[in-house]
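Here's the structure we're looking at; comments come further down.
The values are calculated or read from the model by the stated rules, or taken from the named source; none is laboratory data. Keep in mind it's a predicted model, so treat the numbers as computed, not measured. Neighbour counts are summed over all protein chains in view; Cβ atoms, including those assigned to glycine, are modelled from backbone coordinates with ideal geometry.
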Amino acid sequence: MTRRLPRAAAVLLLANAGCPLSFDPTAADASTAAPITTATSDLDPATSEADPTGGTSPAGTSAPTTSTGAPTTGDDTGDDDTGDDDTGDDDTGDDDTGDDDTGPDDGWPDSLTPVVTEVWDFEALDLGDVDGDGRLDLITSGTGYPPRVDVYPGLGDGSFDRDAVVVSELWDFSQFVVADVTGDGRADVLAQGTGYPPRVTVYAGGGDLAVTELATTDVFEFTHMQAGDLTGDGRADLLIGDGLVSWPWLQVWPGTAEGIADAPLFEADPWAFALLRSGDVTGDGRVDVVTASTEFPPQFYIHPGDGDGGFGEPQISEIWDLSWFDLGDLDGDGRADAAADIPNNEWRFQLYLAGADGWSDAGAREGYNFFRFELGDVDGDGRADLVTHASGYPPRVDVYLAPVIQP
Ligand SMILES: [Ca+2]
Ligand SMILES: [Ca+2]
Ligand SMILES: [Ca+2]
Ligand SMILES: [Ca+2]
């Protein structure tokens, strides 16, 4: 099946071998490559109580955690060496919902108090309900050997239980995304294998928070990956592509109970892009594909999903400079909104709210302190929360619940 896209067109299925796999982008570490074509199944899935840092991890043994690592809901924001949150250099327009300093004069606006969970050192993170209990769990990867993901159960209040982390080893991978490919209600891990041939392995999420190798699908060499249910069948599909080459492309590979299908369902030739995400921006119940260019002028391209795995020509939104963004329904109106970083400024991010007429710039938010972030409704109130990979020490995720970022 075919459909047209941005300017070019495209389509067709390519034949490819493989098996299942699929989705979303979190950057990760590049490792050495072990050309494993097919996954055999001897990796050991999760050790439960595992100490992720045990062993060889360069991350060192634990971080001088101040507390037990248990999720602190509290209001200690950890290090505030940030002192003042001056908005001073506001070139982004006005905004600031953020600084209503009513509380203790610690330089940290009360409204920005995050829910803090100290975790083991990591590089990339994503969110998904791995054990199917209805709460989003935190999945991290990176740092050290062996390649693995650490899954921390979400407690439903914005915190995660470090003491209950479950570690699952994976084949060497360069990036991963989390989504329920199999449709059993448990989020699965989709990892891009290193080496040759290009491939994606699906590790099925289990009730014990471990992920177990399910299947590997050979795909085309790609840079970006995402997962989203573009076909609307309850199974997340794999979206891969390359946006900064002469002929940018995107492909949708269907998710199945057995993993990622062995051929793409849809292919498109989009405008050049540097970032890729998916979500229902238009609020019609169909997952849309959103790409972004970070060159001048920075723009979002919203490709409306057709519900059958394809998507149409993009709607373009001019935006502020960014190097990272994620989608999530911040205000609970059924449309996925966007949060984008402000390059080289760990302190701020920019918010765009989706409405009937597309995106509107909701202004910058101040007082954060992160490398990266993901949006996800961790407390189940219907509004996406900002889950950040906090900068500074100790390694942790700071979660800003929706009312903080979108009052
Ligand atoms: Ca869960
Ligand atoms: Ca699943
Ligand atoms: Ca919304
Ligand atoms: Ca929420």
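Structural remarks
- Residues (closer than 11 Å to VAL281 by Cα and of a type in the set (A, V, I, L, M)) located in the stretch 350-383: LEU353, ALA354, ALA356
- When the criteria are applied in full, TRP347 fails the requirement of being surrounded by fewer than 23 Cβ atoms within 10 Å (Cβ to Cβ), within 19 Å of VAL281 (Cα to Cα) and at pLDDT below 95.
- When GLY310 is tested against (1) surrounded by 22 or more Cβ atoms within 10 Å (Cβ to Cβ); (2) within 18 Å of GLY228 (Cα to Cα); (3) within 16 Å of ligand 3 (Cβ to nearest atom), exactly one condition is not met: (3).
- Boolean, GLU295 is assigned to a strand (DSSP E or B) and either over 20 Å from the mean Cα position of the chain (by Cα) or within 16 Å of ligand 1 (Cβ to nearest atom) (or both): no
- ALA354 crowded, with 22+ Cβ neighbours inside 10 Å, more than 25 Å from HIS303 (Cβ to Cβ) and hydrophobic (A, V, I, L, M, F, W, C): no
- Single residue of TRP320, TRP347 found to be within 26 Å of GLY392 (Cβ to Cβ), more than 16 Å from ligand 1 (Cβ to nearest atom) and over 20 Å from the mean Cα position of the chain (by Cα): TRP320
- Qualifying residue in the stretch 117-134 (condition: closer than 21 Å to ALA257 by Cβ, surrounded by fewer than 21 Cβ atoms within 10 Å (Cβ to Cβ) and more than 19 Å from the chain's Cα centre (by Cα)): yes
- Test: residue in the stretch 191-204 that is out of contact with any helix residue (DSSP H, G or I) (no Cβ under 7 Å at 6 or more places or on another chain), hydrophobic (A, V, I, L, M, F, W, C), in contact (Cβ under 8 Å) with a residue 60 or more places away in the chain and closer than 30 Å to PRO403 by Cβ: no
- Selection from the stretch 325-341 of residues that are closer than 14 Å to LEU275 by Cα and surrounded by fewer than 20 Cβ atoms within 10 Å (Cβ to Cβ): none
- Within the stretch 333-346, residues that are under 18 Å from TRP320 (Cα atoms) sit with their Cβ atoms under 6 Å from residues that are part of a strand (DSSP E or B) and hydroxyl-bearing (Ser, Thr, Tyr), at 6+ positions apart or across chains, in these pairs: ALA338/TYR352.
- Checking ASP262, ASP229, ASP306, ASP321 one by one, the residue that is among the acidic types (Asp, Glu) and in contact with a Leu (Cβ under 9 Å, 6 or more places away or on another chain) is ASP306 and no other.
- Tabulated pairs, the stretch 130-147, first closer than 14 Å to GLU169 by Cβ and assigned to a loop (DSSP other than H, G, I, E, B), second within 10 Å of ligand 1 (Cβ to nearest atom) and among the polar types (S, T, N, Q), C-beta under 7 angstrom, 6+ apart or interchain: none
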